[in-house]
Amino acid sequence: MAASSKPTMKVNIVAADRPVWSGEATMVSLPASEGSMGILADHEPVLTATNDGLVKVTEPSGNVLGFKVTDGFISFDSNKLTVAVETCEEAQPITEGE
Amino acid sequence: MASQLAYKARIASTASLEKIFNAQEMIASSRIAKARNVALAAKPYSDAIFDAVQALAQHTHISHPIVRKDEDNPNVAVLALTADRGMAGAYTSSIIRETESLLAKLDDQGKKPELYVYGRRGVTYYKYRGRDVRGTWEGNTDAPGVEVAEEISNALLDAYMKPADEGGVSELYIVFTEFVNMVVQKVRILRMLPVELVNVEDDEKAEASGAPEARPLYSFEPSRDEVLDRVLPKYVQSRIHECLLTSAASETACRQNAMHTATDNARNLIDELTRKLNATRQAAITQELTEIIGSADALNNEKE
């Protein structure tokens, strides 16, 4: 299983009224304000505004989860990604891992 | 001495009131846990925003209007968070009292306070007295959602961002009730705008010694100012939401305490009335006996 050897980061998705999801992920793609943005583990610290759209989280197992979000922002530092958005729907599996 | 019938009627009505108070108390105590959970669930988001604002504050020379104070404009906004329904003891009246003293203080400072009110009780209070209120919101004071917080913060930020000659305000105060614990709720006045950015270094010293010395230097996308534009209004909104939630928890706790006292009072009243009813009944019985014995005596005396 090659996927498990990839470096991972902590991901925390919070909506204004509740925490939505948290866990490990190898990659997260986000609807940043200047266009879609992918974040891998050990990214440089970044603070970015995001638009309405879909946040895709790739778990170490290869599963991809999708979260429909409204506008907000993300911050990444010390290998920890925080996605803070106004509202967020529950996770929808997009593709299954092996 | 009132008649037995009158006592019975009063006991019956007090008993039904007691049932209502008791039910209200039970409703309030079941909602407390929920209100607390809602407040806890919103915490990660406000923490995330606070961290982001801290990161932004590290880059000095923030000249965003939200943190800059416009000294020339005497207009200030005051938001009072009251309850929708009564039966919550002194909850609304202490908020109104604090608001009035804040308004008087601002007047003394030569400022022109403008009032915003959330909660039906507060709105009716000021409407009845014919006071000028700039904006009001009603509904869901015991379980305020994100939508209410958004509505309120949008209206207040609008007023704040407008120039002075278009009716803009230079400061925003919030009068709300802090939930200390089940028994203690404190009315507090918070200056929400302009935002006071905490000095990061002072803050770090206060934090546990395990905090990292240097905070990461963020890169901002698309630009620092645009991120500020997005994050600061959200910061204000989440702070307002926090105030709404802690007020809601306080309201529920106040209601529970008030209803508990009311239930106890009703029970005491019923006890007292029952005692009086018994005394009255006994007096009536004694009188009837006296009459019977007296008339029997009179008959006996006549025979002799």
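The values are calculated or read from the model by the stated rules, or taken from the named source; none is laboratory data. Computed from a predicted structure; not experimentally measured. Because the Cβ atoms are built from the backbone with ideal geometry, glycine has one as well, and the counts that use them run over all protein chains shown. With ligands, DNA and RNA removed, areas are computed over all heavy atoms of the protein, side chains included. Shrake-Rupley method; radii C 1.70, N 1.55, O 1.52, S 1.80 Å.
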Sorted by chain and then number, the residues having a modelled amide H within less than 5 Å of the amide H of B:Val195, at least 5 places away or on another chain, are B:Val67
Provide a whole-number value for the mean count of partner chain Cβ atoms within 10 Å of the Cβ atoms in peptide B:232-240. 1
Round to a whole number: what % of the accessible area of the protein assembly as shown belongs to carbon and sulfur, probe 1.4 Å? 52 percent
Round to the nearest 10 and report in Å² the accessible area of B:Arg134, as given by a 1.4 Å probe over the protein chains' heavy atoms. 100 Å²
How much net charge surrounds B:Val175 when only other residues with a Cβ under 9 Å from its Cβ are counted (Lys, Arg +1; Asp, Glu -1)? 0
Chain B, helix-only ellipticity at 222 nm - DSSP H runs n ≥ 4, -39,500 (n - 2.57), divided by all residues, nearest 500: -21500 deg cm²/dmol
Net charge contributed by nearby residues that have their C-beta within less than 15 Å of B:Leu40 (K/R +1, D/E -1): +2
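What fraction of the DSSP beta bridges in chain B is antiparallel, stated in percent and rounded to the nearest 5?
On the way: 8 of 24 bridges.
Looking only at bridges with both residues in chain B, the antiparallel portion is about 35 percent.
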Averaged over all viewing directions, the convex hull of the alpha carbons in the stretch B:1-155 casts a projected area in nm² of 14.5 nm²
Using C-alpha positions alone, give me the convex hull volume of the stretch B:247-304 per residue in cubic angstrom. 33 Å³
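With every protein chain kept in place and ligands, DNA and RNA left out, what is the accessible area per residue of chain A? Probe 1.4 Å, answer in Å².
Value for chain A: 45 Å² per residue.
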Tilt, helix B:43-58 to longest principal axis of chain B (alpha-carbon atoms), in degrees rounded to tens, equals 30 degrees
Hey, if we sort B:His64, B:His260 by accessible area with the 1.4 Å probe, largest down, what's the order? B:His260, B:His64
Mean Cβ-within-10 Å packing, highest first, puts peptides B:182-191, B:168-177 in the order B:168-177, B:182-191
Evaluate E = 1/(1 + (r/R0)^6) for B:Ala15 and B:Asn37, where r is the Cβ-Cβ distance and R0 equals 60 Å; express this FRET efficiency to the nearest 0.05. 0.95
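For chain B, what is the relative contact order in percent, using Cα pairs closer than 8 Å and at least 6 residues apart in sequence?
Averaging sequence separation for qualifying contacts and normalising by length gives 32 percent for chain B.
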Taking Cα atoms, the helix B:91-108 axis meets the longest principal axis of chain B at an angle in degrees (rounded to 10) of 50 degrees
Just the number: Rg to Rh for the stretch A:16-98, Cα atoms, Kirkwood Rh, two decimals. 0.93
Kindly give the semi-axes, whole Å and largest first, of the ellipsoid equivalent to the protein assembly as shown, taking each as the square root of 5 times a Cα gyration tensor eigenvalue. 61, 29, 16
Given the options B:Thr246, B:Thr274, B:Thr14, which has the most mean-square fluctuation in a GNM of chain B, springs set between C-alpha atoms less than 10 angstrom apart? B:Thr274
Cross-link list A:Lys6/A:Lys56; B:Lys112/B:Lys186; A:Lys10/A:Lys56; A:Lys68/B:Lys234: which exceed 21 angstrom alpha carbon to alpha carbon? B:Lys112/B:Lys186
Those residues in the stretch A:22-48 that give up at least 40 Å² of accessible surface, probe 1.4 Å, once the partner protein chains are present instead of the chain by itself are A:Glu34, A:Pro45, A:Leu47
Antiparallel as a % of all DSSP beta bridges within the protein assembly as shown, to the nearest 5? 65 percent
